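Below is one structure, written out as C-alpha cells; the observations come after it.
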Amino acid sequence: MTIDTLRADAVGFAGNAAAETPHLDRLAASGWVFGRAHAHSVMTLPSHANLLTGRLPYEHGVRDNAGFVLPESVPTAAEAFGDAGFRTAAFVAAFPLDARYGLDRGFEVYDDSYPEGSTRGFAVAERSGDEVVAAASSWWRRYEGEPRFLWVHLYEPHVPYEPPAPFSARFAGNPYLGEVAAADEYVGRLLQVVAPGDRSADALVIVTSDHGEGLGDHGEATHGLFAYEATLAVPLVLWAEELTPSRIDSPVQHIDVLPTMLEAAGIDASAIPGMAGRSLWRARAPDAGAGPDATYFEVLGPNLQRGWAPLRGVVAQPRTETGDEDRAGLLKYISLPRPELYDLAADPAEVRNLHATEAGTAAELAALLPAESEWPPTAGSVSEDERRALQSLGYLSSSGGLDLLRTYGEEDDPKNLVDLDRMLQDYSKAYQEGRLEEAEDLARRTIRRRPRMGLGYSNLAQVLLDRGRVEEALRLMIDAERQGLASPFLERQLALTLARTGQARDAARLMERHASSSDPDALNVLGLVLAESGETGRAREILLRSLEFDERNPQARQNLALAALHAGDWPLCEREAREALALNPALPLAWNYLAIALFNQRREGEAITAWKRSVELDPGDLDVLFNLATVAARAGLRDVARPALERYVKEASAPILGDRYAAELDLARSLLRGL
C-alpha cells in the first residue's frame, strides 16, 4: 500500500500524538518499523517507478511526473509476480499514476477509474480511498486461495486537504491530519480483507508513502521543491505473522522494497535484472544490518517546469576514525548552487547547514553522487526514452540539441525562489477558487519576478481566457512563443485559442510537428484543431493514434465525436460521444455533441435531454444553452424553453461580450415573444 504524501512523522507510531492512525499503529506494533527510510524522488510518478522497478530514477528514466513514461525495456514487479504464477492487480487513486505512464505493465488488472477529463484548472483527477479499497477488496476476495500480488494507492492526504466526515469536524484545525486519519480508516478496511485478525493470513503487507509534505517546513507548502526530511523521509512498515515486532534504525530506501517482496514470495531476484536495492527480508531479525553506502535522491521538477536549478543529493552514514560506518549517525548532502550538508542525527530539522565548516565531509558525500545521475545530461548520454520525454517537455531544439541550461547560479537556487514558489501556489489556489482578478495579479507579479519563466505566461494566458479577454491572451501567448518561452502546455493553449477564434488552420500548422509524437495530450489537441479546420479524416487518424498511448482517455473519444460532427456522420458522432461518456459521464461537450447527433437523426426528445445534461454540467457555455433553448422552443416545450431563453438573453447581452452573439440574440428574443 502506498499512501500518497504521507509524512514519516504524521502517524501515531512515529510519536505524533495529534495523529489518529489506529490501524497503521496496530500494524506497526506487530510488524517491522523502519525508522530511517527514504524515498529517492518527491513526486508521485517517479517515486512509484522506483518502488515497482527496484531502480533509481536515472536508471529507469522517469525523472518527474510530467512528460515521462516508464520504458518497456525496464522490468516491473508485476511482470515478475505474474511470471511466477501470481494474480496481479493495481488500484490507483489519481491521474499521476494513469496507465499511460507505463506502470500498468504486467498487471492483469490496472484500475485507474477516476473521472479523467472533467477537472478544472490545476485540480488532479482523483477518487476517494473509499472507492479504491472497495474495488481492491472485491478483487482480493475473487481470487481467494490463489497467490496474489496487490498494489493499492491512496491519494489522501494529498492537497487539497478536504477530509470526509467525521474527520473534517474532528480535524477542522489541521485538515492534513484529517486526511491522514481518513487514509488510516481505508487502510483498516483493506486489512480486514487481506489480513483478518480472526484467521491465519499467509500475507506480507508493506505500507509506505511515495514522499512526504512540506507543510511550511523550510518555506515549502507542499512538495516537489526541496528534499528536506519533511518530503524525503517516508514511513515504512512490514507486517507478516511470522515477524517478531521490531523497530529497525538502519537506513533503508525505497528501492529495497521490491527485492524484499521477491524474496518473501520465494521469487529469485534474477527475475528483475538491474535492481539497485537489497532485500530487507533476508535478515529475519530486528537488525537489518548495515545500510546502503548512500541513498541517492533528486528533485528535477522545478528545473523541467520552471527552469530553476536541478537538485540532487545523497543520505549516508558518516565514517569513524577507523573507517567504519557510524551506525548512529546520518548525513545528508544536497547539491545546489548553494550546497548544503546536514547532520540528521544532531539536527533532524535541518536548520544548521554545515557545508562551510565541514567542507571535507561535504566533498566525500558529493563524490557519492552517481555520475550517471548528472542533470542536465550531456548530449551524448541522453537515451532515446529521455529524448522523447524531453521533447514532450519542450527541451529539445529543432536541431535535436538539448535546450536546458548547463550552469546555474545562486539566483536559480530554489532556496532563493521560495517567495516565487509561494506566489505560484497562491495563484493556483486563487484560480481554482474562481478569484480571477487576484489570480491575474499574481500571474503578472510572477512574470515580473522571473521574466524568462514560461510558466508565468501560461498562467496569465489561462486567467485572461477565463475572464473573456481572448485577444489579449492570444497576443501574450504569441509573444511568449516568439521569445522561446512557450511550454508545451502554453503551445496547446495557443492552438486551442486559435481554433476557438476561427484560426483553426493556423492552429493545425502550429501543432503539426507533434504528428509523430507519442504524447497523447499533443495528439489530442492536434486532432481537435484538424477537425475544426475541416480535415476530419486526418483528425480521426491522429485521435485514434492518441488512444494507442492512452486507450481510456475520454477527451480523445470526445474529440473523435467532434470530428464525426464536422464530417456530418451523425451515427458515428453519437457512438463516439457515448464512448466518451461511458468513460466519464461528466463531460459537458460530449453531451452537446451527442445532442447534436441525436437532433440530426430526428430524435429531438433525446437531444433535449442530452442538452439539458450539458447545461447542468457547464452552465456558462452559452452555445449549448442556445441549442437547448431554441430546439425546445420549436418543439413547443415551454417549461424548458422559456427559462433557457430568458437566461440566454440576459447572459449573452453582457457588455463584455459586445456583438459576439448579436444574431443569436435576435432569434432568442423572437422565440421568447412567440411563447
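The values are calculated or read from the model by the stated rules, or taken from the named source; none is laboratory data. Bear in mind that the values here come from a model prediction, so they are computed numbers and not experimental data. Here Cβ is always computed from backbone atoms with ideal geometry, including for glycine, and neighbour counts include all displayed protein chains. Ligands, DNA and RNA are excluded from the accessible area calculation, which covers all protein heavy atoms including side chains. Shrake-Rupley method; radii C 1.70, N 1.55, O 1.52, S 1.80 Å.
Summary of values
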item: Cross-chain or 6+ apart pairs with Cβ under 8 Å, the range 315-336 first and among the acidic types (Asp, Glu), then at pLDDT 90 or above and surrounded by 22 or more Cβ atoms within 10 Å (Cβ to Cβ); result: Glu325/Gln317; Asp326/Gln317
item: Residues that are crowded, with 23+ Cβ neighbours inside 10 Å and either touching a His at 6+ places or on another chain (Cβ under 7 Å) or over 19 Å from Lys332 (Cα atoms) (or both), drawn from the range 213-227; result: Glu213, His223, Phe226
item: Selection from the range 495-519 of residues that are more than 14 Å from Ala539 (Cα to Cα) and either open to solvent by 50 Å² or more (accessible area, probe 1.4 Å) or in contact with a strand residue (DSSP E or B) (Cβ under 9 Å, 6 or more places away or on another chain) (or both); result: Leu496, Arg500, Gly502, Gln503, Asp506, Arg513, Ser518
item: Within the range 566-580, considering residues that are in contact with a helix residue (DSSP H, G or I) (Cβ under 6 Å, 6 or more places away or on another chain) and open to solvent by 50 Å² or more (accessible area, probe 1.4 Å), the one nearest to Leu103 (Cα to Cα); result: Glu579
item: Any hit, the range 584-595, residues being free of Cβ contacts under 8 Å to residues at least 12 places away in the same chain and open to solvent by 30 Å² or more (accessible area, probe 1.4 Å); result: yes
item: Hits in the range 452-489 (condition: free of Cβ contacts under 8 Å to residues at least 60 places away in the same chain and of a type in the set (Ser, Thr, Tyr)); result: Tyr457, Ser458
item: Residue count, the range 309-319 (criterion: open to solvent by 20 Å² or more (accessible area, probe 1.4 Å) and at pLDDT below 95); result: 2
item: Selection within the range 77-90 - outside any helix (DSSP H, G or I) and open to solvent by 10 Å² or more (accessible area, probe 1.4 Å); result: Ala84, Gly85, Phe86, Arg87
item: Qualifying residue in the range 601-617 (condition: touching a Gly at 6+ places or on another chain (Cβ under 7 Å) and either more than 15 Å from Ala561 (Cβ to Cβ) or surrounded by 20 or more Cβ atoms within 10 Å (Cβ to Cβ) (or both)); result: no
item: Residues of the range 475-502 satisfying the condition of being among the aliphatic types (A, V, I, L, M) and more than 20 Å from Tyr661 (Cβ to Cβ); result: Leu476, Met477, Ile478, Ala480, Leu485, Ala486, Leu490, Leu494, Ala495, Leu496, Leu498
item: Residue tally, condition under 13 Å from Ile334 (Cα atoms), in contact (Cβ under 8 Å) with a residue 60 or more places away in the chain and not charged (D, E, K, R), over the range 344-359; result: 1
item: Per-region count, the range 144-168, residues over 30 Å from Asp426 (Cα atoms) and surrounded by 15 or more Cβ atoms within 10 Å (Cβ to Cβ); result: 5
item: Answer residue from the range 526-573, given it is among the charged types (D, E, K, R) and over 29 Å from the mean Cα position of the chain (by Cα) and is nearest to Ala595 (Cα to Cα) among those; result: Asp569
item: Test: residue in the range 490-498 that is assigned to a loop (DSSP other than H, G, I, E, B) and touching a residue at least 12 places away in the same chain (Cβ under 8 Å); result: no
item: Selection from the range 630-675 of residues that are of a type in the set (Lys, Arg) and either exposed (fewer than 11 other Cβ atoms within 10 Å of the Cβ) or not in a helix (DSSP H, G or I) (or both); result: Lys650, Arg660, Arg673
item: Test: Gly434 is under 25 Å from the mean Cα position of the chain (by Cα), assigned to a loop (DSSP other than H, G, I, E, B) and over 21 Å from Ala66 (Cα atoms); result: yes
item: Any hit, the range 601-608, residues being under 20 Å from Pro115 (Cβ atoms) and outside any helix (DSSP H, G or I); result: no
item: For Ala135: the one exception among (1) in a helix (DSSP H, G or I); (2) surrounded by fewer than 21 Cβ atoms within 10 Å (Cβ to Cβ); (3) modelled with pLDDT under 95; result: (3)
item: Subset of the range 430-443 (residues that are open to solvent by 80 Å² or more (accessible area, probe 1.4 Å) and more than 20 Å from Pro160 (Cα to Cα)); result: Glu437
item: Test: residue in the range 520-540 that is surrounded by fewer than 24 Cβ atoms within 10 Å (Cβ to Cβ), modelled with pLDDT under 95 and acidic (Asp, Glu); result: yes
item: Test result for Glu213, part of a loop (DSSP other than H, G, I, E, B) and within 25 Å of Arg422 (Cβ to Cβ); result: yes
item: Single match in Leu424, Leu404, Leu417 (criterion: among the aliphatic types (A, V, I, L, M), at pLDDT below 90, open to solvent by less than 20 Å² (accessible area, probe 1.4 Å) and closer than 27 Å to Leu336 by Cα); result: Leu404
item: Subset tally (residues that are at pLDDT below 95 and either in a helix (DSSP H, G or I) or among the small types (Gly, Ala, Ser) (or both)) for the range 320-344; result: 3
item: Residue match in the range 30-48 (condition: free of Cβ contacts under 8 Å to residues at least 60 places away in the same chain, in contact with a Phe, Trp or Tyr (Cβ under 9 Å, 6 or more places away or on another chain) and open to solvent by less than 10 Å² (accessible area, probe 1.4 Å)); result: yes
item: Given (1) farther than 20 Å from Met1 by Cα; (2) assigned to a helix (DSSP H, G or I), number of the condition Glu162 does not satisfy; result: (2)
item: Of the criteria (1) in a loop (DSSP other than H, G, I, E, B); (2) open to solvent by 10 Å² or more (accessible area, probe 1.4 Å); (3) in contact with a Lys or Arg (Cβ under 9 Å, 6 or more places away or on another chain), which one Val74 fails; result: (2)
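Yes/no per residue for (1) hydrophobic (A, V, I, L, M, F, W, C); (2) within 27 Å of Tyr101 (Cβ to Cβ):
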{"position": "Ala504", "(1), (2)": "yes, no"}
{"position": "His514", "(1), (2)": "no, yes"}
{"position": "Val529", "(1), (2)": "yes, yes"}
{"position": "Ala564", "(1), (2)": "yes, no"}
{"position": "Ala582", "(1), (2)": "yes, yes"}
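This table checks each residue for (1) of a type in the set (Asp, Glu); (2) assigned to a helix (DSSP H, G or I); (3) on the phi < 0 side of the Ramachandran plot; (4) over 25 Å from the mean Cα position of the chain (by Cα).
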{"position": "Lys415", "(1), (2), (3), (4)": "no, yes, yes, no"}
{"position": "Arg422", "(1), (2), (3), (4)": "no, yes, yes, no"}
{"position": "Gln425", "(1), (2), (3), (4)": "no, yes, yes, no"}
{"position": "Glu440", "(1), (2), (3), (4)": "yes, yes, yes, no"}
{"position": "Ala443", "(1), (2), (3), (4)": "no, yes, yes, no"}
{"position": "Pro451", "(1), (2), (3), (4)": "no, no, yes, yes"}
{"position": "Leu455", "(1), (2), (3), (4)": "no, yes, yes, no"}
{"position": "Leu474", "(1), (2), (3), (4)": "no, yes, yes, yes"}
{"position": "Asp479", "(1), (2), (3), (4)": "yes, yes, yes, yes"}
